[in-house]
1. Could you rank Ser245, Ser107, Ser127, Ser99 by how accessible they are, 1.4 Å probe, largest area first?
2. Below 8 Å between Cα atoms, with a sequence gap of 6+, how large is the relative contact order for region 194-248 in percent?
3. How big is the C-alpha Rg of region 126-178 next to the rule-of-thumb value 2.2 N^0.38 Å, as a ratio?
4. Measuring from centroid to centroid over Cα atoms, what is the spacing of region 79-136 and region 239-258 in Å?
5. Regarding region 117-242, what are the three Cα extents along the principal axes, ordered largest first, in Å?
6. Can you tell me which aspartates and glutamates have their Cα less than 19 Å from the Cα of Lys61? Leave out same-chain residues fewer than eight positions away.
7. Please give, to one decimal in nm, the separation of the simple spin-label points placed at Asn155 and Asp75, each 7 Å out from Cα toward the Cβ.
8. Taking 0.36 nm per residue of separation and subtracting the Cα-Cα distance, what length does fully extending Asp234 through Glu176 add?
Amino acid sequence: EKPRSTLDRIKANVPDLPEQPPEPVELTEEQERFLAIAKQKKHAKRKIALDTVVAPHLDVKRFAARLLGGVVNKDVTDALIAALDDCDDDEMRDAVLFSLAAHGAKSGSLPEAALAPLQALLESPRSETRVLATRAYGWVEDDFAEATLQKLLENPDALVRVEAVRALENRGIADEATLAALQDPYPGVGVAAAHAVASIQRGAGVDALVQFATANDGTYRRDVGRLLGQFAPDAGVDALLALLSDGSKKVFWLVAIDALAELFQYPQPDAPQKAA
């Protein structure tokens with residue numbers, strides 16, 4: 001009997017059965033491991049506890065210590081320095097260091113009394129403390145601090161090296177050690193060093209900056225272009241055009257083009273300002 005409707009046709013359509021059963025699939029050890037992971041139940045969303053394990057008086061002290069970074073005067077600075085010796089709470093100490101660094105940045109320096117406590121904290125087992133101590137240490141009024149900062153450029157902690165480069169820049173230093181930092185394995189150190197070289201050496205550091213732009217697959221070519229536009233536009237244009245005219249360095253031409261595009265975003269220092 002012929003099917004009389006679409007439904008009857010669907011019901012009458014029986015798929016052909018395979019003549020032989022399919023061979024079992026052999027899974028590799030890696031596939032077995034992934035299959036086991038896929039069968040695991042998903043973990044429930046983690047809930048954040050609303051109650052804190054921090055004692056209220058400690059929480060208030062930490063907040064106050066960090067807030068004092070905006071109150072820049074000698075008495076507050078001296079009180080923050082004194083607090084470093086009496087502080088036995090890591091978070092509290094870091095808040096004090098943060099504020100001390102802010103005082104140094106806003107006033108241009110920190111008194112010599114901060115030298116000893118900050119120098120001791122440069123060897124802290126906590127990375128956060130070492131980084132903040134380095135940041136504050138860079139503002140201390142002491143010639144010995146510069147030698148310590150130079151030594152910190154070789155510190156195993158990459159974030160400490162970044163702060164050391166910035167601290168030396170704040171003191172007007174961008175020497176051979178800073179140029180060497182352009183090749184640091186941690187990119188953040190190289191970026192900090194590029195800013196220091198551009199802002200201090202200006203035209204004298206252009207070749208090193210262009211070389212840095214071509215490194216790391218050209219990742220920081222636009223950053224270098226902006227630095228050249230801000231601090232050494234004329235020498236920067238000459239160096240990048242020289243790179244574009246070198247047929248043996250075609251692989252870096254895109255780097256030069258993108259860097260020039262960023263450089264030309266900056267107006268010339270003697271360009272007249274448009275009226276508002």
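1. Largest to smallest exposure gives the sequence Ser245, Ser107, Ser127, Ser99.
2. Worked out over region 194-248, it gives 37 percent.
3. 1.00
4. First find each Cα centre; the distance between them is then 45 Å.
5. 49, 29, 19
6. Asp51, Asp75, Asp78, Asp85, Asp86, Asp88, Asp89, Asp90, Glu91, Asp94, Glu128
7. 3.3
8. Going from the current span to full extension adds 18.6 nm.
The values are calculated or read from the model by the stated rules, or taken from the named source; none is laboratory data. None of these values were measured; they are calculated from a predicted model. Here Cβ is always computed from backbone atoms with ideal geometry, including for glycine, and neighbour counts include all displayed protein chains. With ligands, DNA and RNA removed, areas are computed over all heavy atoms of the protein, side chains included. Shrake-Rupley method; radii C 1.70, N 1.55, O 1.52, S 1.80 Å.
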